[in-house]
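We did not get these values from a lab; they are worked out from the coordinates using the rules stated. Just so it is clear, the model here is predicted, and its values are computed rather than measured. As a convention, Cβ positions derive from the backbone with ideal geometry for all residues, glycine included, and neighbour counts pool all protein chains shown.
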């Protein structure tokens, strides 16, 4: 067995174990840290596949930005874990059915004719996998890339709309009223005797 195969099996085992610990950990901070470990391990697997751009992107974007945001939100919010776990057993059968459907779909795709292709030649020294990735993304997969970007845009707008709530008791400033104000409405000149006058 080659050393690269041993490394792959070790990294795959760590990746699967950390993924399981993300969803089974009782502490939200521990789950986020196990997710960081999963991202680092998947980045290492991308490096073994000679996809350096994807490996660096997953570490910089997900670990450096997204996970910091997750940890910030988890630590700033007062999450009641007991209340979240109340409906776990009630929704477990539905979750198992969805999981079984997803596993069946993945098995059908992996056993289908999509993956019986000739292996692609590896990148040469003069070739950049970043250029190959960009060429494939913006030529052969241009429409799926645009659809994915539209879905992400709709998700971002939906997240903003869901978190926008009107709360009672907040003082809002109306810019139109501020502009329409006249000096006579806000200022009153009062004539008062000075201290020496009687």
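What is the distance, in nm, between label points placed 7 Å from the Cα along the Cα-to-Cβ direction at residue 69 and at residue 140?
3.1 nm
Return the distance in nm (one decimal) between the two label points of a simple spin-label model at residue 152 and residue 174, each offset 7 Å from Cα along Cα→Cβ.
Between residue 152 and residue 174, the label points sit 4.1 nm apart.
Arranged by the count of other C-beta atoms within 10 angstrom, fewest first, what order do 46, 89 take?
Ordered from fewest to most neighbouring Cβ atoms within 10 Å, 46, 89 come out as 89, 46.
Taking 0.36 nm per intervening residue step and subtracting the Cα-Cα distance, what contour gain separates residue 130 from residue 187 on full extension?
Taking residue 130 through residue 187 to full extension adds about 14.0 nm, to one decimal.
Once the mean 1/r over all distinct Cα pairs of the range 1-79 is inverted, what Kirkwood radius in angstroms do you read off?
Values: mean 1/r = 0.0751 Å⁻¹.
Over the range 1-79, the inverse of the mean reciprocal pair distance is 13.3 Å.
Once you put a point 7 Å from the Cα of residue 29 and another 7 Å from the Cα of residue 9, both along the Cβ direction, what distance in nm separates them?
Going by the 7 Å Cα→Cβ label model, 3.7 nm.
Order 145-154, 10-19 from most to least packed using the mean count of other Cβ atoms within 10 Å.
Going by the mean number of other Cβ atoms within 10 Å, highest first, we get 10-19, 145-154.
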